[in-house]
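Novice: Let me begin by handing over the structure; questions about it come next.
The values are calculated or read from the model by the stated rules, or taken from the named source; none is laboratory data. From a predicted model like this one, the values you see are computed outputs, not experimental measurements. Here Cβ is always computed from backbone atoms with ideal geometry, including for glycine, and neighbour counts include all displayed protein chains.
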Amino acid sequence: MARAYMAEAAKTSGAWRGAGPRTGREGVRVPRMFAGWSGPGAWRRGWVLASLAVLLGLALFFHSEVPNTVGNLGSLWETFLPWGGTLIPVLALLAVLRRSVLTLVTLLLPTLVWLNLFGGQFTSKSGTGGDLTVVTHNVNADNPDPARTARELSGSGADIVALEEVAGGLAKQYDKGMAGTYRYHKRVGTVGVWSKYPLRDTATVDIKMGWPRAMRATVATPKGDVAVYAAHLPSVRLQFASGFTAGQRDDSAEALGKAIAQDRTEKAVLLGDLNGTMNDRALAPVTSQMRSTQGAAGDGPGFSWPASFPTTRIDQIMVKGLEPVSSWSLPSTGSDHLPVAASVHF
């Protein structure tokens, strides 16, 4: 009887070991899904993935050091820098499939760097109130319904609106559609400023394009004068042969930055489509002397392009001598860009 019982117990034990958790050296049962994560060489497994994780962390942290000598790779990386974080879960999944503890631990580096750079952008820093509300919008030269765009911008509550890509044939429709809300306006080439307050000293800003795509005006607000710049920097292209072509944009950014630096007005606002993000080193002539309202008081990342699925913010509101209170993206108006807005204190 005793022998039969022991034989049956041995069979049961063997069946359990074959079908269920495995037993480690100390007799601790390890679930099958974690089998292979430990043992000799476990920390050496997946060193290629771990190396990629380190490189990602370094590329995020030292993004300004990524060279622009070949195809403006540095500017391209900085334009979509927040999306570099999407590589982290990809590497994490590969690490799980490879059962690489080393890679999972190494992924802490890019994760912490990304959170330090962008974690705050996905939370709201917006305040309430403000002395002045401004909006900038690339309305798209091929806008199929400019009347709708003008109507929605007029209802935005902004005191000042800057428009870019105002095609000559559609300009009168914007003038007419916004006249009821904005008594004062001025257009220069394909950019314009619409204001509830008087404008003076309106002038073209030469950004080295050969035709006017930037302007400056002094707006006499109830709180005092503000220099308002409206600008549309040249477009950039991503091509296989030449890479990220942004040379003309970079030259225009330098010219715009020089004009703003020479402005003696204490308070200034830049509204425009800069075809670049605040991380892009090529915009340093501008970004080094002005403050992004989205970065200081934004609600979420504030992506503005493309309107159908915004992945980056190339439409900017920047200030000098003013305190950002809130900054946000507005709903689509039918353009391929979203309008962006901000409120500021004097």
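Novice: Name the single residue that is farthest from the chain's Cα centre (by Cα) among those in region 187-201 being buried (at least 16 other Cβ atoms within 10 Å of the Cβ) and in a strand (DSSP E or B).
Specialist: It comes out as 199.
Novice: Only residues that are among the hydrophobic types (A, V, I, L, M, F, W, C) and within 18 Å of residue 78 (Cα to Cα): list them for region 289-346, please. It would help to see each step written out before you state the result.
Specialist: Initially, region 289-346 is screened for residues among the hydrophobic types (A, V, I, L, M, F, W, C), giving 290, 296-297, 303, 305, 307, 309, 314, 317-319, 322, 325, 328, 330, 338, 340-342, 344, 346.
Matches in region 289-346: 303, 305, 314.
Novice: What single numbered condition from (1) surrounded by 17 or more Cβ atoms within 10 Å (Cβ to Cβ); (2) part of a helix (DSSP H, G or I) fails to hold for residue 158?
Specialist: If we test residue 158 against (1) surrounded by 17 or more Cβ atoms within 10 Å (Cβ to Cβ); (2) part of a helix (DSSP H, G or I), just (2) comes out false.
Novice: Additional query: Being part of a loop (DSSP other than H, G, I, E, B) and either modelled with pLDDT of 80 or more or polar (S, T, N, Q) (or both) is the filter here; which residues of region 29-82 pass it?
Specialist: Selection gives 38, 45, 46, 62, 66, 67, 68, 69, 72, 80.
Novice: Determine which member of the set 130, 120 is assigned to a loop (DSSP other than H, G, I, E, B) and of a type in the set (Gly, Ala, Ser). So that I can check it myself, show each step before the final result.
Specialist: Values: 120 fails: assigned to a loop (DSSP other than H, G, I, E, B).
Every option except 130 fails the conditions.
Novice: Report yes if residue 111 is among the hydroxyl-bearing types (Ser, Thr, Tyr), more than 24 Å from residue 314 (Cβ to Cβ) and not assigned by TED's automatic domain parsing to the domain that holds residue 228, otherwise no. Break it down into steps so the answer makes sense when it comes.
Specialist: Working: among the hydroxyl-bearing types (Ser, Thr, Tyr): yes; more than 24 Å from residue 314 (Cβ to Cβ): yes; not assigned by TED's automatic domain parsing to the domain that holds residue 228: yes.
Yes: the conditions hold for residue 111.
Novice: Failed condition for residue 250, given (1) surrounded by 17 or more Cβ atoms within 10 Å (Cβ to Cβ); (2) within 18 Å of the chain's Cα centre (by Cα); (3) within 24 Å of residue 83 (Cα to Cα), with all others met?
Specialist: Just one mismatch for residue 250, condition (2).
Novice: Can I ask one more? Identify the residue in region 292-331 that is hydroxyl-bearing (Ser, Thr, Tyr) and surrounded by fewer than 24 Cβ atoms within 10 Å (Cβ to Cβ) and, among all such residues, is nearest to the chain's Cα centre (by Cα). It would help to see each step written out before you state the result.
Specialist: Start the filter on region 292-331 by keeping residues that are hydroxyl-bearing (Ser, Thr, Tyr), which leaves 292-293, 304, 308, 311-312, 326-327, 329.
With surrounded by fewer than 24 Cβ atoms within 10 Å (Cβ to Cβ) added as a condition, the list becomes 292, 308, 311-312, 326, 329.
On the way: 292: 12, 308: 15, 311: 7, 312: 4, 326: 16, 329: 12 Å.
Checked region 292-331; the qualifying residue nearest to the chain's Cα centre (by Cα) is 312.
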